[in-house]
Amino acid sequence: MTLQERIDELQTRVQQMQATNKEEVEALRIKYLSKKGEVSELFNEFKALSKEQKAQFGQAMNRLRQEAETRLADLRKTVENTVQTAQSKEDLTRTPDPIQIGTRHPLSLVREQIIDIFSRIGFTVADGPEIEDDLHVFGLLNFAPEHPARDMQDTFFIEKEEGEQQPTDVLLRTHTSSVQTRVMTEAAERLRSGEQQAIRVLCPGRVYRNEAISARAHCFFHQVEGLYIARNVSFADLRQALLYFAKEMFGENTKIRLRPSYFPFTEPSAEMDISCHICGGKGCGFCKQTGWVEILGCGMVDPNVLDACGIDSKEFSGYAFGMGVERIANLKYRVKDLRLFSENDVRFLNQFVSC
Ligand code: DAH
């Protein structure tokens, strides 16, 4: 074979090089372009040629090496792309990675359960602002102007900035009873005209009090309050609704006990205990041997509150109740330290899967 023929033959083979992976590309590089490769060997022979022959074959030799290098580079690129496409293509038969489903917050679980229980007897949810004014949090609820709850100790007042025209009585609500006053004033006209027959709402939400944070107190917590206003609502209606709630929440055998109490916005007022769900009322460490644990405040809406909200207290009466969501969660799950509810430690939160 003449040198030209050998160049041509090698060139044909180089042009036809094929590879399916990186290793094959490397093998081809070794076969043709490494020191002992076929192209390099031919170059060694070329070096020994006469000047004239070098001039004759030089270009063809260079073209051969060039083509071998380009072809190898192309092959390298192709195999890399093939690997990437294979990786990115979804394999629909593959076992999926396990999905980490989060858990619901215990306070959300309890709040939803309270809402669910009362919604079955006709209550709907009402919402209101957390940044409130004195009128809705205290004024309309029959708090005397000098009532200690307004004191700086309990209430976070929002300071007005210098020169600002904003009223001075802006504060963070200390209870969700403020939503009740909003609902009542808003519905008063419809109740008067007969367009609406009753108010039956639940007011869930966050409330704020100026308290030092400890295991038993926090500067914010959650409440669900209830309000029912219609004609001829009696204390017996209140008692029955709360008994139903206690049984649904803590079990069929739960008993309730109403103790006289005082709230400015209800008359008469009561605090409700349930029979201790841990010892069944026999007395244990949890209920301090009394057999009862306190869960909420309640009462008949004070006629002063109805009138202040524009509802005729001679025609309408109603009951109200309010409970702390943390308190119920604490009873249900026996969480002793309130701070756990707001620290968002997943080791704590992961323990609550459902109600
Ligand atoms: N607002 C009271 C509190 O924050 C709880 C309460 C008691 C609400 C009696 C009521 C009620 O609606 O009737 O401590």
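Computed log10 I(q)/I(0) for region 106-352 at 0.13, 0.14, 0.16 Å⁻¹: -0.86, -0.99, -1.26, from the Debye equation with unit scatterers placed on every C-alpha and solvent omitted. Shown in residue order for region 334-346 are the 3J(HN,Hα) couplings computed by the Karplus curve 6.51 cos²θ - 1.76 cosθ + 1.60 at θ = phi - 60°: 6, 8, 7, 9, 4, 5, 4, 5, 10, 8, 6, 7, 4 Hz (x for Gly and Pro).
For Ala55, put the label point 7 Å out on the Cα→Cβ axis and report which residues of region 1-44 keep their amide N under 17 Å from it. It comes to no residues whatsoever. Of all GluC sites (Glu not before Pro) in region 282-355, which ones are in loop regions per DSSP and have a Cβ with at most 12 other Cβ atoms within 10 Å? Those satisfying the criteria are Glu315.
Each 10 Å bin, from zero up to the one with the longest distance, holds this percent of the alpha carbon pairs of region 3-88: 17, 44, 24, 11, 3, 1. Working note: Karplus 6.51/-1.76/1.60 with θ = phi - 60° gives region 311-316 the couplings 10, 5, 6, 7, 9, 10 Hz, where Gly and Pro are set to x.
Write out the chymotrypsin sites (Phe, Trp or Tyr not before Pro) in region 258-327 meeting two conditions: DSSP loop, and at most 16 other Cβ atoms within 10 Å of their Cβ. Present the calculation step by step, with values, prior to reporting the outcome.
On the way: sites: Tyr262, Phe265, Phe286, Trp292, Phe316, Tyr319, Phe321; in loops: Phe265, Phe286, Phe316.
Answer in residue order: Phe286.
Remark on region 203-281: ratio of C-alpha radius of gyration to 2.2 N^0.38 Å is 1.31.
What is the local net charge at Met184, summed over the other residues whose Cβ is closer than 13 Å to its Cβ (Lys, Arg +1; Asp, Glu -1)?
On the way: positive: Arg182, Arg190, Arg192, Arg200; negative: Glu186, Glu189, Glu225, Asp302, Asp307, Asp312.
Here the count lands on -2.
May I ask which residue of Leu75, Ala230, Asn350 lies farthest towards the positive end of the charge dipole of the chain, with charges of +1 (Lys, Arg) and -1 (Asp, Glu) on Cβ and the Cα centre as origin? It is Leu75, whose Cα lies furthest towards the positive end. When only alpha carbons of region 236-355 are considered, Rg and Dmax amount to 17.1, 54 Å.
Annotation: amide H of Thr266 within the under-5 Å range of Asp302, sequence separation 5 or more or interchain, hydrogens built in the peptide plane. With a cut-off of 13 Å between beta carbons, the residues surrounding Tyr208 carry a summed charge of -1, where Lys and Arg count +1 and Asp and Glu -1.
Where a number appears in this text, it was derived from the coordinates with a stated rule and is not lab data. Here the structure is a predicted model, which means the values were calculated and not measured. Cβ coordinates were reconstructed from backbone atoms using ideal geometry, including for glycine residues, and neighbour counts include every protein chain displayed.
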